[in-house]
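Let me begin by presenting the structure, written as structure tokens, before commenting on it.
The values are calculated or read from the model by the stated rules, or taken from the named source; none is laboratory data. Since the structure is predicted, the reported quantities are computational estimates derived from the model, not experimental observations. Virtual Cβ from ideal backbone geometry, glycine too; neighbours counted across all protein chains shown. Just so you know, the surface numbers come from the protein's heavy atoms only, side chains and all, with ligands and any DNA or RNA stripped out. Shrake-Rupley method; radii C 1.70, N 1.55, O 1.52, S 1.80 Å.
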Amino acid sequence: MLPDIPHEEAIYVFAECVVEEDNYLKTHGGTLYNDLKPTLAELKKDYFLAVVSNCLCDYLDSFLDYHGMRPYFDDCETFGGTHLPKWKNIQFVADRNHLDAAVYVGDTEIDRQSAEKAGVSFIWAKYGFGHDIAAKYVLNSITELPQVIGTVL
């Protein structure tokens, strides 16, 4: 990420950025999609919900705590917690919770590939960061998720 400075210095700068990012999240949170919380509350009535992320542990903890979102999720796993690739963490969460079927909602090609490698269905959140993802199931808005999950499962 910082090719013009010595490797050791780049590692130090990156580590400091991680600390500052975590501090920022603890006090400012992030931007939530419109209707995210009501949609999660609706899904929580019928489904097991988990977060699998490539972030570090503290990042996800800070985000969930700031926004009061822990009650919506039954489990969470991060790269920072396991140092495993996303697809392995998807499998890990599914196995750990004895899930018969799982769906991964993501917004990038890496998310799609990870779900495929993990052997779970994928729903593309088209309103996110990724572009032109080849997915069978697509969300144009978070509010469509309950209906689409009903179709997938």
(request) Search the structure for amide H atoms under 5 Å from the amide H of Leu139, placed 1.01 Å from N in the peptide plane, and list their residues when 5 or more places away or on another chain. (result) Trp124, Ala125, Lys126
(request) Sequence neighbours fewer than 8 away in the same chain don't count; with that in mind, list the lysines whose C-alpha is under 18 Å from Lys126. (result) Lys136
(message) Quick query: amide H of Ser121 versus all other amide H atoms, modeled in the peptide plane; which residues come in under 5 Å with a sequence gap of 5 or more or a different chain?
(response) Ala102, Tyr104
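Accessible area, 1.4 Å probe, largest first: how do Asp111, Asp95, Asp132 sort? Before the final figure, lay out the partial values.
Working: Asp111 10, Asp95 110, Asp132 150 Å².
Largest to smallest exposure gives the sequence Asp132, Asp95, Asp111.
Per the 1.4 Å probe, what fraction of the accessible area of the chain, in percent, lies on carbon and sulfur atoms? Write out the running numbers ahead of the final one.
Numbers: 5140 of 9540 Å².
Solvent-exposed carbon and sulfur of the chain make up 54 percent of the total.
To the nearest 20 Debye, how big is the dipole of the stretch 8-153 about its Cα centre, given +1 on the beta carbon of each Lys and Arg and -1 on that of each Asp and Glu?
On the way: 12 positive and 23 negative charges, 122 e Å.
About 580 debye.
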(message) Check which residues have an amide H placed less than 5 Å from Glu77's amide H, if you skip close sequence neighbours.
(response) Val51, Val52, Ser53
(message) Rounded, prolate or oblate, given the Cα gyration tensor of the stretch 66-153, with a/c below 1.5 counting as rounded?
(response) rounded
(message) Among (1) 148; (2) 117; (3) 127, only one was calculated for this model; which label is it, if the read-out is volume of the Cα convex hull per residue in Å³?
(response) (3)
